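Everything on this sheet refers to the single structure shown next.
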Amino acid sequence: MNLEFSPEEIAFRDEVRAFIRDNYPKELVGLGNREDLTREQFLAWHKILGKKGWSAPAWPKKYGGTGWTSTQRYIWSEENARVDALMPLPFGISMVGPVIYTFGNEEQKAKHLPGILAGDVWWAQGYSEPGAGSDLASLKTTAVRDGDHYVLNGQKTWTTLAQHADWGFFLCRTDPTAKAQEGISFILVDMKTPGIEVRPIKLIDGTHEVNETWLTDVRVPVENLVGKENEGWTYAKFLLAHERSGIAGVARSKRGVERLRSIASQETLDGTPLIKTDEFARKISQLEIDLTALEFTELRTLASEAAGKGPGPESSILKIKGTEIQQRLTELTLEAVGNYGAPYARGMDHFGSNEIGVGPEYSNFSADAYFNMRKTSIYGGSNEIQRNIISKMILGL
Amino acid sequence: MNLEFSPEEIAFRDEVRAFIRDNYPKELVGLGNREDLTREQFLAWHKILGKKGWSAPAWPKKYGGTGWTSTQRYIWSEENARVDALMPLPFGISMVGPVIYTFGNEEQKAKHLPGILAGDVWWAQGYSEPGAGSDLASLKTTAVRDGDHYVLNGQKTWTTLAQHADWGFFLCRTDPTAKAQEGISFILVDMKTPGIEVRPIKLIDGTHEVNETWLTDVRVPVENLVGKENEGWTYAKFLLAHERSGIAGVARSKRGVERLRSIASQETLDGTPLIKTDEFARKISQLEIDLTALEFTELRTLASEAAGKGPGPESSILKIKGTEIQQRLTELTLEAVGNYGAPYARGMDHFGSNEIGVGPEYSNFSADAYFNMRKTSIYGGSNEIQRNIISKMILGL
Amino acid sequence: MDFNFTEEQTMIRDSLARLIKDQYDFDTRRKVVASKEGWRPEMWAQFAELGLLAAPFSEEDGGLGGGPIDAMVVMEEFGKGLVVEPFLQTVVLAGGFLKAGTSAQKEDHLAALISGERVFAFAYAEPKGRYNLADLETTATKDGSGWKISGHKAVVIGAPWASHLIVTARTAGDRRDAKGVGVFIVPKDAEGVTTRDYPTVDGRRASEVYFENVTVGADAVIGDASDSLGLVEKVTDEAIAALCAEACGAMKVANAQTVEYSKTRKQFGTPIGKFQVLQHRMADMFIEHEQSVSMTYMATLKLGEDEVTRKKAASAAKVRIGQGGRFIGQQSIQIHGGMGMTDELAIGHYFKRLTMIDSEFGNVDHHLKRYTELSAAEAAVAAE
Amino acid sequence: MDFNFTEEQTMIRDSLARLIKDQYDFDTRRKVVASKEGWRPEMWAQFAELGLLAAPFSEEDGGLGGGPIDAMVVMEEFGKGLVVEPFLQTVVLAGGFLKAGTSAQKEDHLAALISGERVFAFAYAEPKGRYNLADLETTATKDGSGWKISGHKAVVIGAPWASHLIVTARTAGDRRDAKGVGVFIVPKDAEGVTTRDYPTVDGRRASEVYFENVTVGADAVIGDASDSLGLVEKVTDEAIAALCAEACGAMKVANAQTVEYSKTRKQFGTPIGKFQVLQHRMADMFIEHEQSVSMTYMATLKLGEDEVTRKKAASAAKVRIGQGGRFIGQQSIQIHGGMGMTDELAIGHYFKRLTMIDSEFGNVDHHLKRYTELSAAEAAVAAE
């Protein structure tokens, strides 16, 4: 048991660090993770990585992945997080890509994987439906076979950033007589197909991050079915397990703690930097300690994956604790900025100003970020669902 | 809306305070609430109050109660808590007494109420059974009619302080064919009846506070049945509601906070009294604030009772918060005493010493008290049951 | 000891509740909040008509003879309806200061306040002062018989709507000294006053207010220009109690909407309100609200007691309400799931308001510290 | 980076687990704990035989060439079995000090320690010192070539069983100075040493130890008599990591017993483990244990790093384990219901042990403060 990197790993880290330093787009620096970026901004780093062959660290080498070890992948995340890099969005790389190379046919692989790797094609996720939430088995969208096509009808919701999407992957009911999880299929859909309408959903922080996607008589060629008809649930579960790993967000939360420390050094309480007041300093310490616990739990999980065990129900811990920490981080950041948490930074244009915010620059969006992060304990299988998983799959209750 | 006492109430408070000052037994001062007192110590104050006619503040006047208003009763508790008085045990005064005067017949009232009021008769509670806990409906102890007697067989547990008991009230199944809550009867039993065996249960803090009570062919005259046969569940629920009110323990917790403050003023951290360190002082503040919230919630409940509404499901709040605060209080007290929380104060006799504890006097029993208080969220309907009650009875879920 | 409302208080509550139900439904509120103005002066006129603006003032001062409990009743209903109009700023805060003013000030301002003609905002916070009411870089210096005020006030809630500002400024002493704090009434259109207006995350409006050699007369001073920190603390404690009442109203509705949602929303074929974990969480939300109501009553009833008792009561209430509001806000969203995250449902707006209430006039940490320091001072006095 | 155990470590774990299973079942432990002696010297001999006492020492020092990870493995098993014998005090603490000793000290003491012949206790805490290792009223003054020790050491765990004590004492400076701390080996039967022995609430034995002009030779000093606080901190950090491992073992069993109990115990006709509220609580207990294991690995693996990293790691682990242990302990009892309160079930004893582990070598507050101060010092250095 030891924590050291091997010389090879250190060399790898240096290589990666240099590459990021030399190639990360200058115009993206400091943009962070904001939801109102342009399509080009979102894809800029992805495209560069695609050219380098580094856009899919977790994919097998034969499909265009890097073939890195879990330690290398860990180093990769850490190094990107150091500069707060805008990482490739998960919908192509982490979600549909692995489904396609695992369950898709050769044509599908040839057609879709290159675009995903290169960052040329933007994917949207069509899982959730109104009134369904974490309970995917009750979905109502139908795909009815008509000659060489499926005809899709229904409504999807929470389709993240679908306003930019070229393609989508949809779960649809192909056998209406089957119950619950059975009779569902996994279908790829060109978002330009007639009958698709994407309507924005405004969130409580004012962002347009998610959408409703309405499907009306959308005709999709049958070759867009992934795997077997009525077995989509298997692929969906596979995808959800992939989605959960990496959700811990340790590297990004570390940067968040640094940012919080910086804010708390600038904010003062009766002349003392907030970070030197007993109470606030302890809160940061507690957060950092909890983050350390999460980090080492993730490292242990990675090590066990490297030893050949796939991402198991233990990844629910990473989801629960990772999101709790992200939420706590934004909560403390909002607390740190004091009165300047109140101004609505996006709302200045109401008064003919194109400035953003009125307090110190770091105070902008602190409330919005706190509001927005509440979603993390809801999506990707709510934290309640994760606890159900632990109690059933691990504890056998 | 106002918080003032009326002149009459102030006069009452002065009268009560003077009476306690002049009559509370000197030899009980400082004994607090320890579970290993003698029967005589337990009953001393009760007997004095019985003579004065003040032993049952909540009973109607016609049965020997005081006829006090809810404000007067509140003042009474406060004044007793000020001197940490050993109050009458609940089994007679708060539990079986109200059941007897509400549901019992005239003979039962005449026979039992005077002894309860005077503190001459010690009562034990025969509700819980092994494997039943908060779920009284599943009880197994039987009472089979045999001429003029019931013959009782079964096992009760958690019979608090039954080692001293003269009489007990037992829930027994009289109709084995009825299901769940039906077919249960409420029966009074002379604890000297042959076939009763009381066996001590040692608790984790080393005390002998509770017992198992084994009933083997115990013959009880039928006139000891309270109310109607098979309707004991009604009386049991009535009793449980009575048990919950007063469970908030505000006055006693206030004394506990004072004691904690005193300990934290004597313990030092790097030369500073613990109470002047930021972290510990805030913990005490938080506890005190939570206690204030509980106190005013109780006052509101009392006011609503005074307005003719009986103790409703809101009393579950008092149970939950009251016990959480009692537990937190002992937790903080243990934390305050530092290293001297470890010595087992009752265990000095192992080494031929009759001294109690080795650290400062206030450190003795601090761990034991913490361990012992864990029971409070379990008994009297566990706090989980209380939350079930709120969600069902109040929220309609 | 009693916890009953008077007939007048019950009447105020009922008529206000009706008005909000009729004219302040959630969709209407959204439109108003998104409008250029951000509030409805005509609603303010109706509040005046209903007597809300007069309720807490003595009859001698032109009011209806009520007090803090009347303000509590109003604010609780405001909380239920997420009302944005500046009752707190105008009636509780400015009104609280004016009650301590001269009869000339009362005649000039209080009458116009009660009639609804003048609207006030309280310019006290500063960019670097956090929650310390004495941490003032804004100065007021003697200027003939009057004063000259300069400085920058931060996040002045309701300022875009106000005709007048109540301004705290340092007249003497060092930056955080207890002595040397003055309170001034400044017309917003006075020369040298500039504002930068903006919306807040919870649907209100606020301004950064800049004072550059703003000249006011001697009659602009409320109380003792050199020693009014005590007055400022007293009035902000009154505002804290009122704010707690608003929070209680918002909690009550957030809880009710969440319980209701959990009964209709199904997952795995079962209403989510049948899941025990959510049941217990809603039970805890219920408890938090009940405890918050208790603390609001407590703090309101103790506003008239001695200084230390009043301050401890206000801080204790603000701590519990801050904690309860955070729990209820977060869990309301969690139980609503994705729908709770949308702007279209009311619940997210209750969450946002509850979040912001915690930081107004000092958050949980600030008041836990204040309570602790007051306790220590009490103990030191008792030990003497 | 890897998290695997060596073959030797796995062997130690397996054979120790077997020994505990065979000879340290709960009923046997209860009898031993209640006995006059309170421990089993014959068990100690078996530990020596198994090589446990030799495992963490270098071969050069007569050990088996292991290190802190071996101690971690042993302590985790001790935690599972609620073993009372003083491995922590003797092997980790005294052993840790002796590793820094002279070769003469190693020859004299370490060999006897490894063989199981000598048993040690660590007399460091004082009645008024709380958790500050430098807060010493016990003094050691120069006495010819040797030293004279006087003072009172509080709650010295395992002292009734020890032949020797490792004693911290002030050789110079003021009461809480960092400089002037010395470490001494004192035979318990030395003249002037008196003890008052007693059981602890978690089934161990401890003593108040009084030193009255106890004379020891120059060879009793470990390290620099005038400047050994650094050594004391290093060794106690090693003890903290080991203690965390013990806690992990206890948590694991407490969780397992609770889950098991919840599957068999019925209420309202249903096993209580079917109630979602308890399911989620047990999921949280599982998470707490996993996180505690992670932190124990982390702290153990960082024992060899630079001073600040080591200290922060130890404190961070102690904080999480203190919090996790409290949660698991309390909830184990709660889920066991009344049965959890009885002395007859093992679960209450796990609860008590977990409670006491929090206060050994500093509780959550102490280590959160230490971590915070170390972070501030680091930030100050970085800013220079």
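The values are calculated or read from the model by the stated rules, or taken from the named source; none is laboratory data. This structure is a prediction, so every number in the text was calculated from the model and none was measured. FYI the Cβ positions are ideal-geometry reconstructions off the backbone, even for glycines, and counts take in every protein chain you see. Each accessible area value is taken on the protein alone, full model and side chains, heavy atoms only, with ligands, DNA and RNA left out. Shrake-Rupley method; radii C 1.70, N 1.55, O 1.52, S 1.80 Å.
List the relative contact order of chain B as a percent without decimals, with contacts defined as Cα pairs under 8 Å and 6+ residues apart.
Across chain B, relative contact order equals 13 percent.
Name the chain A residue nearest the rotation axis between A and B, going by Cβ position, and give the distance in whole Å.
Nearest Cβ to that rotation axis, in whole Å: A:278, 2.
Using the Karplus curve 6.51 cos²θ - 1.76 cosθ + 1.60 with θ = phi - 60°, what ³J(HN,Hα) values do you get for each residue of segment A:276-282, in whole Hz, with x for Gly and Pro?
Values, residue by residue: 9, 7, 3, 5, 6, 4, 5 Hz.
Note down the accessible area of residue A:346, probe 1.4 Å, to the nearest 10 Å².
That residue has around 60 Å² of solvent-accessible surface.
Through the Karplus equation 6.51 cos²θ - 1.76 cosθ + 1.60, θ set to phi - 60°, convert the phi angles of segment B:188-205 into ³J(HN,Hα) values in whole Hz; use x for Gly and Pro.
Computed from phi, the couplings for segment B:188-205 are 8, 10, 6, 5, 8, 4, x, x, 9, 10, 9, 10, x, 10, 7, 8, 5, 8 Hz.
Heavy atoms only, probe 1.4 Å: what % of the accessible area of segment B:249-395 goes to carbon and sulfur, would you let me know?
Exposed carbon and sulfur together represent 52 percent of the surface.
Assigning unit charges at the beta carbon (Lys, Arg +1; Asp, Glu -1) and nothing else, what dipole magnitude in debye, to the nearest 20, does chain A show about its Cα centre?
It comes to approximately 540 debye.
For segment A:354-371, list whatever residues lose no less than 40 Å² of accessible surface once every protein chain is in place, relative to that chain by itself, with the probe at 1.4 Å.
A:358, A:370, A:371
Rounded to the nearest 500, what is chain B's calculated 222 nm mean residue ellipticity when only DSSP H runs of at least 4 contribute -39500 (n - 2.57) each, over all residues?
-13000 deg cm²/dmol
Can you sort A:205, B:148 by solvent-accessible area, 1.4 Å probe, largest first?
Most to least solvent-accessible, the answer reads B:148, A:205.
Charges on Cβ only, +1 for Lys and Arg, -1 for Asp and Glu, centred on the Cα centroid of segment C:122-226; of C:193, C:147, C:183, which one is farthest towards the dipole's positive end?
C:183
With unit charges on the beta carbon (Lys/Arg positive, Asp/Glu negative), name the residue among B:7, B:60, B:23 whose Cα is farthest towards the positive pole of the charge dipole of segment B:1-66.
So the residue furthest toward the plus end is B:60.
Net charge around residue A:163, counting only other residues with Cβ within less than 10 Å of its Cβ (Lys, Arg = +1; Asp, Glu = -1)?
Taking every other residue near residue A:163 into account, the sum is +1.
Could you give the size of the charge dipole of chain C about its Cα centre, using +1 on the Cβ of each K and R and -1 on the Cβ of each D and E, expressed in debye and rounded to the nearest 20?
With only Lys, Arg, Asp and Glu charged at Cβ, the dipole is about 1540 debye.
Do you know the relative contact order of segment C:7-118, to the nearest whole percent, from alpha carbon pairs under 8 angstrom that are 6+ apart?
28 percent
Compute a Gaussian network model of chain D, connecting alpha carbons closer than 10 Å, and tell me which residue from D:56, D:41, D:86 fluctuates the most.
Result for chain D, Cα springs under 10 Å: D:41 fluctuates most.
Taking H placed 1.01 Å from N in the peptide plane, check which residues at least 5 places from residue C:181 or on another chain put their amide H under 5 Å from its amide H.
Close amide H contacts, sequence-distant or interchain: C:171, C:227, C:228, C:229.
Sort D:202, D:219 by accessible area with a 1.4 Å probe, largest first.
Of D:202, D:219, the descending order of accessible area is D:219, D:202.
To the nearest 100 Å², how much accessible surface do chains D and B cover up together, summed over both, with a 1.4 Å probe?
Heavy-atom accessible area buried at this interface is about 4200 Å².
Can you give me the span-like helices of chain D, meaning DSSP H runs with 30 Å or more of Cα extent along the axis and Kyte-Doolittle mean at or above -1.0?
Both cut-offs are met by D:229-264, D:276-301, D:307-336.
Segment C:293-314 to segment A:90-105: how many Å between their Cα centroids?
Between the Cα centres of segment C:293-314 and segment A:90-105 lies a distance of 61 Å.
Any idea what angle helix B:232-244 forms with the longest principal axis of chain B, computed on alpha-carbon atoms, 0 to 90 degrees, nearest 10?
Taking Cα atoms only, the helix is inclined about 10 degrees.
Helix A:7-23 versus the longest principal axis of chain A: what angle, 0 to 90°, nearest 10, using Cα atoms?
That helix lies at roughly 90 degrees to the long axis.
What is the distance in Å between the Cα centroid of segment D:214-252 and that of segment B:1-54?
Their Cα centres are 52 Å away from one another.
Mind telling me which of C:348, C:325, C:217 comes out most flexible in a GNM of chain C, alpha-carbon contacts under 10 Å?
Most flexible of the set in this elastic network: C:217.
Among C:366, D:109, what's the order by accessible area (1.4 angstrom probe), most exposed first?
C:366, D:109
Kindly write out, for segment B:209-223 in residue order, the coupling ³J(HN,Hα) from the Karplus curve 6.51 cos²θ - 1.76 cosθ + 1.60 (θ = phi - 60°), rounded to whole Hz, with x marking Gly and Pro.
Karplus values, whole Hz, x for Gly and Pro: 10, 10, 9, 9, 10, 9, 10, 10, 6, 7, 8, 10, x, 4, 5.
State which entries of B:283/C:312; B:52/B:111; C:234/D:369 exceed 26 angstrom in Cα-Cα distance in the structure shown.
In this structure, C:234/D:369 exceed 26 Å between Cα atoms.
Find out how many positive minus negative residues lie around residue C:201, taking Lys and Arg as positive, Asp and Glu as negative, among other residues whose Cβ is under 13 Å from that of residue C:201.
Net charge in that neighbourhood comes out at -1.
If the cut-off is a Cα-Cα distance under 12 Å, which aspartates and glutamates reach residue C:302, setting aside same-chain residues fewer than 8 apart in sequence?
B:4, C:237, C:238
Taking only DSSP H segments of four or more residues, each worth -39500 (n - 2.57), what value at 222 nm results for chain D once the sum is divided by all its residues, to the nearest 500 deg cm²/dmol?
Theoretical 222 nm ellipticity from helices: -16000 deg cm²/dmol.
What's the carbon and sulfur percent of chain D's accessible surface, probe 1.4 angstrom, rounded to a whole number?
Ligands and nucleic acids excluded, carbon and sulfur reach 51 percent.
With respect to the axis carrying C onto D, what is the closest chain C residue by Cβ position, and how many angstrom separate it from the axis?
Per the C/D rotation axis, the closest residue of C reads C:276, 2.
Note down the nm distance, to one decimal, between modelled labels 7 Å out along Cα→Cβ at residue A:392 and at residue A:29.
A separation of 4.9 nm, rounded to one decimal place.
Return the subset of D:106/D:153; A:156/A:254; A:51/A:156; B:47/B:140; A:140/C:263 for which the Cα-Cα distance in this structure is over 28 Å, preserving the input order.
Distance filter (> 28 Å) returns A:156/A:254; A:51/A:156; B:47/B:140.
Just the accessible area for residue C:85, please: 1.4 Å probe, Å², rounded to the nearest 10?
Residue C:85 exposes around 10 Å² with every protein chain in place.
Evaluate the distance, in nm, between pseudo-label points positioned 7 Å from the Cα of residue D:213 and of residue D:145 along their respective Cα→Cβ axes.
2.2 nm
Between C:20, C:287, C:157, which gets the highest mean-square fluctuation from a Gaussian network model of chain C, Cα cutoff 10 Å?
Taking springs between Cα atoms under 10 Å, the residue moving most is C:287.
Can you give the Rg and Dmax of segment D:230-382 based on its C-alpha atoms, in angstrom?
Calculated on Cα positions, Rg and Dmax stand at 17.6, 63 Å.
List the relative contact order of chain D as a percent without decimals, with contacts defined as Cα pairs under 8 Å and 6+ residues apart.
Relative CO of chain D lands at 14 percent.
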